[in-house]
1. Indicate the residues belonging to segment A:88-111 that lose 50 Å² or more of solvent-accessible heavy-atom surface (probe 1.4 Å) upon moving from the chain alone to the assembly of all protein chains, ignoring ligands and nucleic acids.
2. Against the longest alpha carbon principal axis of chain A, how many degrees, from 0 to 90 and to the nearest 10, is the axis of helix A:116-127 turned?
3. With chain B treated as a Gaussian network of Cα nodes joined by springs under 10 Å, which of B:19, B:150, B:270 yields the largest mean-square fluctuation?
4. Say R0 is 22 Å: what FRET efficiency, to the nearest 0.05, do residue A:99 and residue A:172 get from their beta-carbon distance?
5. Once you charge only the Cβ atoms, +1 for Lys and Arg and -1 for Asp and Glu, what is the size of the charge dipole of segment C:96-263 about its Cα centre, to the nearest 20 debye?
6. Using a 10 Å cut-off around each Cβ of peptide A:243-250, what is the average number of partner chain Cβ atoms that fall inside?
7. Segment B:76-154 to segment A:91-122: how many Å between their Cα centroids?
8. Looking only at other chains, what is the average number of their beta-carbon atoms within 10 angstrom of each beta-carbon in B:78-87?
Amino acid sequence: MSRPPANLLLGGALVALAALAALVSLVWTPFPHAALDVANKFAPPSAEHWLGTDQLGRDLVSQLMVGAANSLAVALAAVALGGGLGTALGLAASAMGGWVEDLAMRICDLGFAFPALLFAIMLAAAFGPSLANAALAIAFINVPVFARVARGAANQVWVREFVLAGRAAGRSRLALTLDHIVPNVAAAVIVQATIEFAVAILAEAALSYLGLGAQPPSPSWGRMLAEAQTLLWIEPMLAIWPGLAIVVTVLGFGLMGDGLRDLADPRLVRER
Amino acid sequence: MLQATSLSVRLPAGEALRGVDLSLAPGERVGVVGESGSGKSMLGLALMGMTPASARLSGRLTLDGRDMTRARERDWRALRARRIAMIFQEPMAALNPLRRVGTTVMEPLRVRLGLTRAEAGARALALFNEVGLPDPADRLRQYPHELSGGQRQRALIALALACDPAILVADEPTTALDAEVAARIVDLLVRLSRDRGMALVFISHDLAAVARATERLVVLYGGDVVERGEVGAVLADPRHPYTRGLIAARPRPAPRAPGAPRPRLAAIPGSVPPLADLPAGCRFAGRCPVERPECAARRPAPRPTPHGLAACHLLEEGAP
Amino acid sequence: MLLFLLRRTVGFLATLLAISVIVFAVMNLLPGDPALTVLGIDSTEDARAALRAQMGLDRPAAERFLAWIGGALVGDFGTSWSFGVPVAGLIAERLPLTLSLAASGMVVTLVVALALGMAAAANHRRPGDWAMMLLSQLGIAVPAFWLAILLVLLFAVTLRWLPPGGFPGWGEPAAAASSLILPTISLALVQSAVLARVTRSAALEAMRLDFVRTARATGLSPARILWRHVLPNALAPIVTIVGMQFAGVVTGAIVIENVFYLPGLGRLIFQSIANRDLITVQALVLMFAAIVVAANFLVDVAYVLIDPRLKARAT
Ligand SMILES: Nc1ncnc2c1ncn2[C@@H]1O[C@H](COP(=O)(O)OP(=O)(O)O)[C@@H](O)[C@H]1O
Ligand SMILES: [Mg+2]
């Protein structure tokens, strides 16, 4: 009927750009991302190296592309894992009700005491830093977020007539959850997932910047910035591109989340 | 003192007021009646220079001889509270819930009149006394949620009186209150108007309250003044079919539970249409029991009646 | 009121206890051998066993937890494995810097966000409003550490007005303050983008309330109405977000300290990770989590102070 909101279109375009770079990097990059070419270090942008090379002569575009793949993979893993667990937890809490629900939500409250960074620090200290641990830490903080969203949405469905009718007919809570609750909370969960994608990409960048994420030689936007920071006096542009890549991707998911929310709940559009 | 001449307020949706004439002399008390949606509040807001930002004013509005029709917000601000003040429909919501009512009443005294805290406190106490709040010193320290509906309304009246206005617009000051409290608020407003020589615009759909409170009556429908005149005479001998309907439909003075639907006007089926759907001619066309074919298209001019004016085609060319 | 405070305090302490259990469990009970990480895979089993005994790792976990938490209660977090001095001393030395950074970051966040958010609300549906929304949308997408790098590039590398990093110590207050300027800005701007949006929508909500019309009818100036009447009534959602943002500012300080080489708790945590100094990391994680929980506890109490209606109910 009506046109999709502008923020959804713009956000989708930015996300598509990042996703395309990530996908293409799986089969092709202009240069092998880790290929050293010290003779050609700090090369300016050219037909060959579109954005130039870094301090070791590595092609910047190639690194950014593989960085996109790493970043999106971490975000996808973290949101899928944390979102899946959290949603299941929230749905179960809502279906059981009573003290189970109270307990589950209390546990979620505890989760909010640990920002992703703290959790990643714990994991890195216990197991050593790695991209997988970063993903795990981000997934962990997603669990309570999704549990709350799913429970809140599910609680609203449990009191609707068609569900009450199902209960009266003696259908099990699991069957009702699968038949009625899941389809009705899907919108809220998808909107949240889009927003959490943005959060996850920011978190991954920060963790990799701190050395708690991607380890050399695997490129990551955050780690590229950490290296570029020491070279600010020599080649400032190295600190620009990875940052822009992060902003574009995060902005894309943020706009997309806003747009999806507007679609899912038109009543909110007025006020934003 | 206040003079509205052919004052119109046009909103994006339609005309909320159409050519309203109204004049107020010092100390005079005028009642404004009409169903919900007739434009009573809009008239009150127009007199305060507080119509919505999207509204366009035309006609002429003068206050103390100054033309305020196109006045800027800054000029209006100087007059509000000091020359003309208004109390609004819902006493619960009209007070800042996070402030002690004393603080609220002292604020204009300090900000507008430049009184010190002590002076403002003393004035607020006197005002609370004047509006008949019991234990005024204690009331000053209370929050709105700690007061009863009638007390809140009295506190709002005290706030409106703070800067000693020459005109007070009271928009349905009794609607949210039960009958006994309402009657006392009406008496209070009349007393204040007499004691202070303050003009009163009393907006209500309670005809009994208006009869008790005012001298002159303005009947509003769909943004038009359909009838006006001396209050007792108009109520005793209404000339406009809408006024007749209002009087016939007069709800019994039973207290209305808060939130209960407003009693329907039994004699006039339906309700005031939204602005966009008002007929171009007589606003009452479509609901009028004595409607003629030309009514919806042609606007009736006000005609003299024995006690004032009424705008109805039936009154033209000497109809009964 | 007292009962309410008591209940909240008990809840707060219970949360702290639960957090300490989680921290201890993650760092101690998950598979993994600290001795192995410290000594490396070339080490002999004997050497590792000796180290474990030295670290006290051979005792049962419950006993170690009780010893740890009992010590923590009296300010004894054990001895750092890498520095060889009490962890409490390490923390005490670095805490002032981190707290100063977090506090100044929070203050700037509040000032910027309230100013922008209220200005946007006052100019609802006008260009200023759109500009703020656009700017904040962008601000939310910018990683604080990248903003920090850009600020260093502009103010330290190009203009040379401010130091690119490092901390001269509190002995030189002026130099210390100037070395905190860029960290504070990087920490605050991103947070204020979020808070400005919340402020704007909360203010728009409050502006629709009837008493705002009453205030206008008494001839108060728009600015006075906005700050004295609208803002207090918009405060509840703002305070909620501020509580959450305090967590963001504190962990943000960990990152920002590393961008600017500031010797605070954030640097300490990373040095300890690099040194595999588990006992120090454990104490620091507990501290940060406790700060976050404390902030939320204070927010809960703040609600009641803001709204007299809640105060009545809380008694
Ligand atoms: N802010 C506004 N925007 C648009 N229409 C309005 C606004 N305020 C009032 N109206 C419309 O103007 C008409 C008169 O309203 P009002 O003055 O509130 O009536 P009353 O006070 O007599 O019940 C109604 O049709 C109402 O819907
Ligand atoms: Mg009204």
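The values are calculated or read from the model by the stated rules, or taken from the named source; none is laboratory data. A quick note: this is a predicted structure, and the numbers were derived from the prediction, not measured. Virtual Cβ from ideal backbone geometry, glycine too; neighbours counted across all protein chains shown. With ligands, DNA and RNA removed, areas are computed over all heavy atoms of the protein, side chains included. Shrake-Rupley method; radii C 1.70, N 1.55, O 1.52, S 1.80 Å.
1. Residues shielded by partner chains are A:110.
2. It is inclined by approximately 70 degrees.
3. B:270
4. My answer for the efficiency is 0.65.
5. Approximately 680 debye in magnitude.
6. Counting Cβ atoms of other protein chains within 10 Å of each residue's Cβ and averaging gives 4.
7. Computed from Cα coordinates, the inter-centre distance equals 47 Å.
8. Details: counts 1, 1, 5, 4, 2, 1, 2, 3, 5, 2.
For this peptide, the per-residue mean of nearby foreign Cβ atoms is 3.
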